[in-house]
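Following: one structure in structure tokens, then a few remarks.
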Amino acid sequence: MANTTLYNPTSCRIPFPSSSRHDPFPKTLSFSSNLSTISVNSLNFEMQTPKQNKNNVIVKATVTNSDEIDTSLSPRVNSLKPSKTVAISDQATALVQAGVPVIRLAAGEPDFDTPTIIAEAGINAIREGYTRYTPNAGTLELRQAICHKLKEENGISYTPDQIVVTNGAKQSITQAVLAVCAPGDEVIIPAPFWVSYPEMARLADATPVILPTSISDNFLLDPKHLESIITEKSRLLILCSPSNPTGSVYPKKLLEEIAQIVAKYPRLLVLSDEIYEHIIYAPATHTSFASLPGMWDRTLTVNGFSKAFAMTGWRLGYLAGPKHFVAACGKIQSQFTSGASSIAQKAAVAALGLGYAGGEAVATMVKAFRERRDFLVKSFSEIDGVKISEPQGAFYLFIDLSSYYGREAEGFGIIEDSDSLCRYLLDKGQVAVVPGGAFGDDTCIRISYAASLTTLQAAVERIKQALTHLSSPALV
């Protein structure tokens, strides 16, 4: 007989969650996302029944102390850091909603609407009842369209069973890392890096190995340095070109040098994050790592629709690679989220039908991004002590402002690092940007220029004004 818990009318124990509140008008702006809480240690009340029964029963509700509840989390989760870009974006949004006129340049999200043809395809999918589950790996129609795109635009050939469609490119990367990495494996990540790469490695119980680069080298890795850190535990090298956060684009010749090194180590795979491939500024060109000689079998290519097609909210990405790796990713997805949105997949087919590299719709957005980049590069080049590597792609400016470290702001304190500088710019300049420390380079800050030129002009003026109020560093 199964164990059974009998109801005791004389002592009914009711869980009572601790309440929480958040002051939307903090006196000091902080990147901390912790909320203040009201702790309820105990609460007892008695309720007399309207009519006395013969047993004169009194019902008691009791709330237990919170220390009686095991609130521990798994070591795997405890090893993760929350995304600072998400935290800062959320905080900036909350400040705007509270009436603070913050200029938000933290999120990596195009400010354009999804092109009409794509949006209409999604709307029509709803109207036509295309609202049911799709195959776990994605619809055959979309996977065939992805294969055609990769062949025509990237020079790499795949079949539909070598494609898995996911809920955003982030899911593709996470599943790829989980699929190929064993506990103790090493994931090589050039810095500056997208904030999520190291945490994805930790999620797989792998070890992120950071490979520093220099602004003087346009944040491109040195092949000799790469080879010097490869060990028998090296399992995955993550490349992102065009890069988030730097906008750097790996030239084909450098990628070929990297490929020659990778070829020496049979266990080493490459994850090529190409989500920004269409947001690129001539004369820079994009090269898919899997297209290089001998690299098709070694490469997991990740792409998606969020950036180039302004479809961030549609949540759709994909991974292409050798069948056994892709099948492993599909296995994880089948037990995790299952297939991506049927509506978004119909819209994605329309996106891929816009023409080579997204056609005129994408070209128009890229032209605007380039104008914004040029404005920011010129504006910040006029500020003393600023170092810049001109972005060749994506929509980020990763600038070195470390010459301002050690200076002091009245009523704020000393600027010690990128985190305190960004807090200062948010507090005094009301501009939200992201500390470079979150990306593995504490000398810099990341500015997203996925905003109108007018907005960027206002942001630059605020940043300039805030910097002028910093005193010179004390002499020692």
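Report, ordered by the first and then the second residue, all pairs with beta carbons closer than 9 Å, sequence separation of six or more or different chains, a first member in segment 144-158 that is at positive phi, and a second member that is open to solvent by 10 Å² or more (accessible area, probe 1.4 Å) and part of a helix (DSSP H, G or I).
Gly155/Ser291
Filter segment 371-384 for residues that are basic (Lys, Arg) and either modelled with pLDDT under 95 or buried (at least 18 other Cβ atoms within 10 Å of the Cβ) (or both) and give the result. Walk me through how you get there before you give the answer.
So in segment 371-384, the residues basic (Lys, Arg) come out as 372-373, 378.
The answer is Arg372, Arg373.
Restricting attention to segment 217-226, and to residues there that are free of Cβ contacts under 8 Å to residues at least 60 places away in the same chain and within 20 Å of Ala394 (Cβ to Cβ), which single residue is least open to solvent (accessible area, probe 1.4 Å)?
My answer is Leu221.
Hey, which of the strands (runs of 3 or more DSSP E) in segment 162-256, taking only ones fully inside, have at least 2 residues that are at pLDDT below 95?
Those strands (runs of 3 or more DSSP E) do not exist here; none qualify.
Check segment 345-365 and report whether any residue there is open to solvent by less than 10 Å² (accessible area, probe 1.4 Å), within 25 Å of Gly108 (Cα to Cα) and outside any helix (DSSP H, G or I).
no
Consider Gly436 carefully, then state whether it is within 24 Å of Asp217 (Cα to Cα) and surrounded by 19 or more Cβ atoms within 10 Å (Cβ to Cβ).
Answer is yes for this residue.
Which of the residues belonging to segment 113-129 are assigned to a loop (DSSP other than H, G, I, E, B), of a type outside the set (Asp, Glu) and surrounded by fewer than 16 Cβ atoms within 10 Å (Cβ to Cβ)?
Of all residues in segment 113-129, those assigned to a loop (DSSP other than H, G, I, E, B) come to 113-115, 128-129.
After this cut, where a residue has to be of a type outside the set (Asp, Glu) as well, the list is 114-115, 129.
Result: Gly129, single match.
Anything in segment 136-155 that is outside any helix (DSSP H, G or I) and over 26 Å from the mean Cα position of the chain (by Cα)? List them, or say none.
Gly155
Out of (1) under 23 Å from Leu421 (Cβ atoms); (2) part of a helix (DSSP H, G or I); (3) among the aliphatic types (A, V, I, L, M); (4) at pLDDT 90 or above, the odd one out for Ala87 is which?
The single condition Ala87 does not satisfy is (4).
Scan segment 122-176 for residues that are aromatic (Phe, Trp, Tyr) and under 27 Å from Ser291 (Cβ atoms) and jot them down.
Tyr158 - this is the single residue of segment 122-176 that is aromatic (Phe, Trp, Tyr) and under 27 Å from Ser291 (Cβ atoms).
Residue by residue through segment 310-344, note down the ones that are part of a helix (DSSP H, G or I), over 17 Å from the mean Cα position of the chain (by Cα) and under 28 Å from Glu128 (Cβ atoms).
If the condition is that a residue be part of a helix (DSSP H, G or I), over 17 Å from the mean Cα position of the chain (by Cα) and under 28 Å from Glu128 (Cβ atoms), then Gly330, Gln333, Ser334, Ser342, Ile343, Ala344 are the ones that fit.
Select from segment 394-440 the residues that are outside any loop (DSSP other than H, G, I, E, B) and at positive phi and list them in ascending order.
Selection gives Gly413 alone.
Taking the condition surrounded by fewer than 23 Cβ atoms within 10 Å (Cβ to Cβ), under 16 Å from Ala191 (Cα atoms) and out of contact with any Lys or Arg (no Cβ under 6 Å at 6 or more places or on another chain), does Ile229 pass? Give the derivation first.
Working: surrounded by fewer than 23 Cβ atoms within 10 Å (Cβ to Cβ): yes; under 16 Å from Ala191 (Cα atoms): yes; out of contact with any Lys or Arg (no Cβ under 6 Å at 6 or more places or on another chain): yes.
In short, yes.
Just give me the residues in segment 449-458 being small (Gly, Ala, Ser), in contact with a helix residue (DSSP H, G or I) (Cβ under 9 Å, 6 or more places away or on another chain) and either in a helix (DSSP H, G or I) or surrounded by 20 or more Cβ atoms within 10 Å (Cβ to Cβ) (or both), in sequence order.
Matches in segment 449-458: Ala450, Ala451.
If you scan segment 115-130, which residues turn out to be farther than 13 Å from Ser341 by Cβ and touching a helix residue (DSSP H, G or I) at 6+ places or on another chain (Cβ under 8 Å)? Give the steps one after another, and end with the answer.
First, the residues of segment 115-130 that are farther than 13 Å from Ser341 by Cβ: 115-120, 123-124, 127-129.
Within segment 115-130, Pro115, Ile117, Ile118, Ala119, Glu120, Asn124 meet the criteria.
Kindly establish whether Leu376 is closer than 30 Å to Ala432 by Cα and assigned to a helix (DSSP H, G or I). Before you say what the answer is, go through the steps one by one.
On the way: closer than 30 Å to Ala432 by Cα: yes; assigned to a helix (DSSP H, G or I): yes.
Answer is yes for this residue.
Hey, any hits in segment 193-205 for a residue that's more than 19 Å from the chain's Cα centre (by Cα) and either at negative phi or surrounded by 23 or more Cβ atoms within 10 Å (Cβ to Cβ) (or both)?
No, segment 193-205 contains no residue that is more than 19 Å from the chain's Cα centre (by Cα) and either at negative phi or surrounded by 23 or more Cβ atoms within 10 Å (Cβ to Cβ) (or both).
Identify, by number, the condition in (1) surrounded by 13 or more Cβ atoms within 10 Å (Cβ to Cβ); (2) of a type in the set (Val, Ile, Thr); (3) assigned to a helix (DSSP H, G or I) that Val100 doesn't meet.
Of (1) surrounded by 13 or more Cβ atoms within 10 Å (Cβ to Cβ); (2) of a type in the set (Val, Ile, Thr); (3) assigned to a helix (DSSP H, G or I), only one is false for Val100: (3).
Residue check, Ala176 against (1) touching a residue at least 24 places away in the same chain (Cβ under 8 Å); (2) farther than 30 Å from Leu397 by Cα, all met but one. Which one?
Every condition holds for Ala176 apart from (2).
Pull up segment 403-432, narrow it to residues that are of a type in the set (Phe, Trp, Tyr) and open to solvent by 10 Å² or more (accessible area, probe 1.4 Å), then point me to the one that is farthest from Phe380 (Cα to Cα).
If we take residues in segment 403-432 being of a type in the set (Phe, Trp, Tyr) and open to solvent by 10 Å² or more (accessible area, probe 1.4 Å), then Phe412 is farthest from Phe380 (Cα to Cα).
Hey, any hits in segment 232-251 for a residue that's among the hydroxyl-bearing types (Ser, Thr, Tyr), open to solvent by 60 Å² or more (accessible area, probe 1.4 Å) and more than 27 Å from Ser448 (Cβ to Cβ)?
no
Hey, could you check segment 280-309 for residues that are aliphatic (A, V, I, L, M) and surrounded by fewer than 24 Cβ atoms within 10 Å (Cβ to Cβ) and say which is nearest to the chain's Cα centre (by Cα)?
Among them, the one singled out is Ala308.
Sort out which residues of segment 388-402 are open to solvent by 10 Å² or more (accessible area, probe 1.4 Å) and more than 15 Å from Ile463 (Cα to Cα), and write them in order of number.
Scanning segment 388-402 gives Ile388, Glu390, Gln392.
The values are calculated or read from the model by the stated rules, or taken from the named source; none is laboratory data. If you're wondering where the values come from, they're calculated on a predicted model, not measured in any experiment. Methodologically, a virtual Cβ is constructed for each residue, glycine included, from the backbone with ideal geometry; neighbour enumeration extends over all protein chains shown. Keep in mind that these areas ignore ligands, DNA and RNA; they rest on the heavy atoms of the full protein, side chains included. Shrake-Rupley method; radii C 1.70, N 1.55, O 1.52, S 1.80 Å.
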